[in-house]
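The values are calculated or read from the model by the stated rules, or taken from the named source; none is laboratory data. Predicted model only: the values in this text are computed from it and were never measured. Neighbour counts run over all protein chains shown; Cβ positions are idealised from the backbone, glycine included. To get the accessible areas, we keep the full protein, side chains included, count just its heavy atoms, and leave off ligands, DNA and RNA. Shrake-Rupley method; radii C 1.70, N 1.55, O 1.52, S 1.80 Å.
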Amino acid sequence: MSKTRRIRAQGLGLGVIAALAVATPAAAGTLDSVKQRGTLQCGVSEGVSGFSEKDADGKWSGFDVDFCRAVAAAVLGDATKVAFTPLSAGERFDALKSGKVDLLARNSTWTLGREAELGLAFAGISYHDGQGFLAKRSLGVDGALSLDKAKICVEAGTTTQLNLADFFKANSMTYEEKAFPGAAEALAAFQSGQCDVLTRDQSALHGEKQKLAKPAEAVVLPDVISKEPLGPVVRSDDFPWFTVVKWVNFALINAEELGIAVADVDQAMKSQKPEVRRFTGAEGGFGKALGLSDDWAIRAVKATGNYAEIYERNLGAQAKLGIPRGLNQLWNMGGVLYAPPLR
C-alpha cells in the first residue's frame, strides 16, 4: 500500500471511530441504568422540614422527595420505584459523582463553582430561596444589621457558610462562627445556647423553628442576604439524563400553567388543545426524543401533581410551614417561575 493510501485509510478509520464515539453515549448512560435496575437512586437531605424527611414508619415526604417520585413516574411509570439516600451537605456531591445516586434533590444551591469545578449540572431551578437568620428573641434584634458580634451557628461546607462571611465583611461587622457538620447539630447547638443565631435558607429556617421546644422564643428575621436558586443536580458527563431530569422539572411547572392537575388528568387526555395534547403525548412524539414513552409528562403529574400541588402540599397553605409562594409563583402571576414550552 502506498504512503498516500495508508494516510487515507488511517484517516477513514479515525473518522469511523469518531462517528461511533458521537453515536454511542446516549445509549449507555444513567437513563438505561435506571431502566435496567428498575429503581431510581435519589439523594435527599438528612431531614429538612417540607423538603425531605422520613417519618416513624420510614416513609419519605417533602418537596424534593416528590420531585424524585415525579422523575421515577416519568422514567419507570411508577412513582414508588425510588430508593432515597439521606446525605449530609459534606457528602452529597461526592455521592452523586461516584454514582451512589442517580440524582440529587437536596436543597442544593446552583453556583458556578459547583458546575465548573465539581463536574455537576443543575437541571433548572425548582425553588427560589434566600439565606436568612433565626434569632433568639432575647437577643433583642430586629434585623441582620444588628447582629454585630453575635454567635452564629452554621452548617459547614455550604454556600450558607460562605455567604455568612461575605455579609459580615461587606457590612464591616464581626461574628463568632460555630460551624457544625450537619443541620441537626447546628440546630441542637442553637437550642442549647451555644449560639444566639442560626443561619440557613429562609425556607429551612421556618421548619427549624417548628422543631424548637419553645418556637415562640425565636424569630426568623426579615432580611434575605443572598440568592439561593435550589434545584436538582446530576453529573455533567451524561447529557441525555440531564435533559430528562431538566424536562421533568419543566413539565411540572408547565402543568400548573396549563391547568393540568391530578384531578384533571383524565380530562387532559381528552383535550383538543394543541399544547395540552403535546403535554399528554397525544401529539409531538417528544417522549421518543427523551428515551421515554410519549406520556412521560402526564405520568409525572398523575403521580405527584403539578408544581403548585407539590408546593402547597409540602411548603404552602396545606403544610405546617405555610410559606407564601413569593418568587416561586408563576411568571404570569407575579413570580419568576418560568419553563420553556413543550413543543
Test for Gln210: is it under 23 Å from Leu112 (Cα atoms) and in contact (Cβ under 8 Å) with a residue 12 or more places away in the chain: no
Test: residue in segment 313-321 that is over 17 Å from the mean Cα position of the chain (by Cα) and at pLDDT 95 or above: no
Residue tally, condition within 19 Å of Gly90 (Cβ to Cβ), surrounded by 15 or more Cβ atoms within 10 Å (Cβ to Cβ) and free of Cβ contacts under 8 Å to residues at least 40 places away in the same chain, over segment 165-207: 8
Top-ranked residue of segment 42-94 - restricted to ones that are open to solvent by 10 Å² or more (accessible area, probe 1.4 Å), of a type in the set (Gly, Ala, Ser) and in contact with a Gly (Cβ under 6 Å, 6 or more places away or on another chain), ranked as farthest from Thr158 (Cα to Cα): Ser88
Candidates Ile253, Ile310 - the one that is in contact with a strand residue (DSSP E or B) (Cβ under 8 Å, 6 or more places away or on another chain) and open to solvent by less than 10 Å² (accessible area, probe 1.4 Å): Ile253
Failed condition for Lys270, given (1) out of contact with any Asp or Glu (no Cβ under 8 Å at 6 or more places or on another chain); (2) open to solvent by less than 50 Å² (accessible area, probe 1.4 Å): (2)
Residue under evaluation Ala216, criteria (1) open to solvent by less than 10 Å² (accessible area, probe 1.4 Å); (2) farther than 19 Å from Ser45 by Cβ; (3) not hydroxyl-bearing (Ser, Thr, Tyr), criterion not met: (1)
Residues that are in a loop (DSSP other than H, G, I, E, B) and out of contact with any Ser or Thr (no Cβ under 8 Å at 6 or more places or on another chain), drawn from segment 161-195: Asn171, Ser172, Met173, Thr174, Gly193, Gln194, Cys195
Hey, Ser88 over 21 Å from Asn249 (Cα atoms) and under 16 Å from the mean Cα position of the chain (by Cα) or not: yes
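Condition first: open to solvent by less than 20 Å² (accessible area, probe 1.4 Å) and either modelled with pLDDT under 95 or not assigned by the TED database to the domain that holds Thr39 (or both). Now tell me which residues in segment 99-113 satisfy that.
Arg106, Ser108, Thr109
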Subset of segment 227-250 that is modelled with pLDDT of 95 or more and in a loop (DSSP other than H, G, I, E, B) - its residue that is surrounded by the most Cβ atoms within 10 Å (Cβ to Cβ): Pro232
Cβ pairs under 6 Å, 6+ apart, first in segment 274-285 and part of a helix (DSSP H, G or I), second open to solvent by less than 30 Å² (accessible area, probe 1.4 Å): Val276/Ala268; Arg278/Leu342; Phe279/Ala297; Phe279/Leu342; Thr280/Ala268; Thr280/Ile298
Strands (runs of 3 or more DSSP E) fully within segment 76-160 counting 1 or more residues that are closer than 23 Å to Phe180 by Cα: 82-86, 127-129, 131-136, 150-155
Among (1) under 30 Å from Asn254 (Cβ atoms); (2) out of contact with any strand residue (DSSP E or B) (no Cβ under 7 Å at 6 or more places or on another chain) - the single one Gly143 does not satisfy: (1)
Residue check for Leu337: within 20 Å of the chain's Cα centre (by Cα), open to solvent by less than 10 Å² (accessible area, probe 1.4 Å), within 29 Å of Leu205 (Cα to Cα) and touching a residue at least 40 places away in the same chain (Cβ under 8 Å): yes
Enumeration of residues in segment 277-289 that are surrounded by fewer than 19 Cβ atoms within 10 Å (Cβ to Cβ) and of a type outside the set (Gly, Ala, Ser): Arg277, Glu283, Phe286, Lys288
